[in-house]
Every structure is written in C-alpha cells, then in structure tokens.
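S.K.: Have a look at this one.
No value in this document is a laboratory result; all are computed from the given coordinates. Just so you know, these numbers come straight off a predicted model, no measurement behind them. Virtual Cβ from ideal backbone geometry, glycine too; neighbours counted across all protein chains shown.
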Amino acid sequence: MLIREIEGMLADKGFGYCEYGGCFDIAARKSESMMLIKVLTNIDSLQEEQAQNLKILSRELDAKPVVVGLHTRREKLSNNIIYERFEIPALTPRTLENIIGGLFPEIYRFRGGMFVEINPQTLKDARENADLSQSELARKVGVTKKSIYEHESRKLKIVYKNAVRIEKVLKTKIILPLEMKVSYETETAPRSEFETKISGNFKRIGFDTGFVYQSPFNMIAKEKNFTLLSDVEESGKQIRKNVPHISEFSKLAGKSAVIITREEFNFDIPTIREEELSSMKCNDIKRLVKNW
C-alpha cells in the first residue's frame, strides 16, 4: 500500500508521523521541518477543496504541502521531476525520498513540457567568460537574444532542452535545484453560526482566527507566538470522533489544542464551553492549556 511505503520511508529518515484521511493523509515532522502529505495513486484525483485546505493548514503551521502519487490520467510520473496540482508540488515516492535526503529535483513538469530554473548571474558570467555576446549565444542555442537577456536579468523558468544546450555551449552548470514553492493566498470562512460566534469571541480577546476543513480541527487561533489548534463543535459525537486525531496531530506539530463546545464534555483535551469562553481572557486560555 502506497501510504505504508511512504510511512516506512519517513521512519527510516527519522521522521515522526501520524495519519488523517482528509486534506492530508500523513503529517510528518523531523526537528523543525514539517510536511503535510496527500497520498493519491492518481494525482489528478486531488480535489480543489482538498488542495485549498491543505494550503491553509500548511501556511498556518509553516509546513510543506506535497502530493505523492504514481501517475496522472495520461502518464506515469517520472522520478526526480516536480509536477503540480492546484499549485501544490506533486511527485513520486522516490522523489520525496530524495528530497528529504537533501537531493532536490531540477525539472518541473508543466503544461507544454519540461522546465528548469537557471542562475542568472552564473549564466551571464559564463557567457562573458566564453567571450560571447547575448546574440551569439542565442544563435548557438537556437533561442532569441531577448530570451538570453531575460534569463540573465532575473530567475525565470526555461525549457529544459534549451538550458541543457546553454550548459553544453558554455561548459558550465547553470541549472538550479527547484525550490518547493507554494502560493498560500487562500482563506476559508466559518461555515456555521456557532463557528462565527466562537471566532468573534477569540478575536475579542486578541486572537487572530482562521478556518480549515477536512482536518482534525476546524479553527486555528493565533496570538503573538502562541498557536492554538481548536475544534469548534456543537456535536458531541463529532468531537469524540475527532479527539484521537487532534491529540496525535497536536503532539506531532508541537502545538496546543482545545475543544470549544456548547455543553460540557470530559475529554483528554482541554474543553471550553461557549458560556465560559465569553468571560475568559487570552491568558486564561493559555493557562488552561499549559496546566492541562
């Protein structure tokens, strides 16, 4: 099973991990490095809502989101190539193993072909050392002078075969390892009146709040350097289902967790009733989770 293969790899590399079947399947952490991994045999089956929540959760916890799979609808994934789905890096198990071992891929697969990034200053220095003008290099490579100028001016993606041609002409390595970049510009609004009310109470006492779904919890509250993973639920049945996952995830992430409910429940995680929250201050909440 693909998930077990990835978990075995993570364990061999010294990562702690836990599972959750939502916007991610595996949360993994080693020292200060944390990843949230969605495992899909076919990476095209990633849903936009899953991707959105995965990016929100990754942003709030300073984690790296990644999709690991074997193929798309049309092709088998190749090792040491970065694909993407909804702006999240997608790759094979072997590529993931290389990355956590410190070996980053150079090739980015996108609509239209294979691309890489090159070092602008290295390109310029190598061209000048070869005593070639931008026009002369462009002619040897089969691209325009404008293309050479632009790639010497700033870091841009370039067609892989053109980068290889430049390296052969200049006899210099200019292709860079890819950075695992993700766009985190996304937000999710509370879905119920209860969530909206609880968020308002947290904001009143100095917390910033954000909502995430398909996760063990649904609200993240932040105050300066303090992050609180909060499950805001009216249903006792849903809370009982969530508690083991919240507990395991919060320990892995190194973050405090709390449950906010209408009624009083007895769980292994600190619980605050809505009525109590309305009279609490920020330090009261910090003290509660610290002394738990």
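S.K.: For q values of 0.09 Å⁻¹, compute log₁₀ I(q)/I(0) with the Debye formula on a Cα-only model of the chain, without solvent.
M.R.: Result of the Debye calculation: -0.56.
S.K.: Where does the Debye-calculated log10 I(q)/I(0) of the range 2-105 sit at q = 0.15, 0.18, 0.19 Å⁻¹, using only Cα point scatterers of equal weight, no solvent?
M.R.: Each listed q maps to, in turn, -0.54, -0.80, -0.91.
S.K.: Can you spot the aspartates and glutamates whose alpha carbon is less than 13 Å from Lys76's alpha carbon? Ignore those fewer than 8 places along the same chain.
M.R.: Those aspartates and glutamates meeting the cut-off are Asp44.
S.K.: Here is a follow-up. Please list, in chain and number order, the residues 5+ apart from Lys64 or on another chain whose amide H is under 5 Å from its amide H, with Hs placed from the backbone.
M.R.: Met34, Met35, Leu36
S.K.: Could you name the lysines in cross-link range of Lys241, using Cα to Cα under 29 Å and dropping any fewer than eight places away on the same chain?
M.R.: Lys30, Lys38, Lys55, Lys64, Lys197, Lys203, Lys222, Lys251, Lys255, Lys281, Lys286, Lys290
S.K.: Still on this model: If you plug each phi of the range 285-292 into the Karplus form 6.51 cos²θ - 1.76 cosθ + 1.60 with θ = phi - 60°, what whole-Hz ³J(HN,Hα) values come out, in order, with x for Gly and Pro?
M.R.: Each residue of the range 285-292 in turn: 5, 4, 5, 4, 6, 5, 8, 5 Hz.
S.K.: Could you state, as a whole-number percent, how many of the C-alpha pairs of the range 114-176 are farther apart than 18 Å? Walk me through the intermediate numbers first.
M.R.: Numbers: 318 of 1953 pairs.
Cα-Cα pairs of the range 114-176 separated by over 18 Å account for 16 percent.
S.K.: So, how do all the Cα-to-Cα distances of the range 193-291 break down into 10 Å bins, in percent, from 0 on up?
M.R.: 16, 57, 27, 0
S.K.: What order do you get for His245, His151, His71 when you list them from fewest to most C-beta neighbours inside 10 Å? If you can, show how the numbers build up before the last one.
M.R.: Numbers: His245 19, His151 24, His71 14.
The order, fewest Cβ neighbours first, is His71, His245, His151.
S.K.: Spelling out what I want: for every residue of the range 214-230, take phi, set θ = phi - 60°, compute 6.51 cos²θ - 1.76 cosθ + 1.60 (Karplus), and round to whole Hz; glycine and proline get x.
M.R.: Whole-Hz 3J(HN,Hα) from phi for the range 214-230: 6, 9, x, 9, 10, 9, 10, 10, 10, 9, 6, 9, 10, 10, 10, 7, 10.
S.K.: Per residue of the range 18-24, what does 6.51 cos²θ - 1.76 cosθ + 1.60 with θ = phi - 60° give for ³J(HN,Hα)? Whole Hz please, x for Gly and Pro, Karplus curve as stated.
M.R.: Running phi through 6.51 cos²θ - 1.76 cosθ + 1.60 with θ = phi - 60° gives 9, 10, 7, x, x, 6, 9 Hz.
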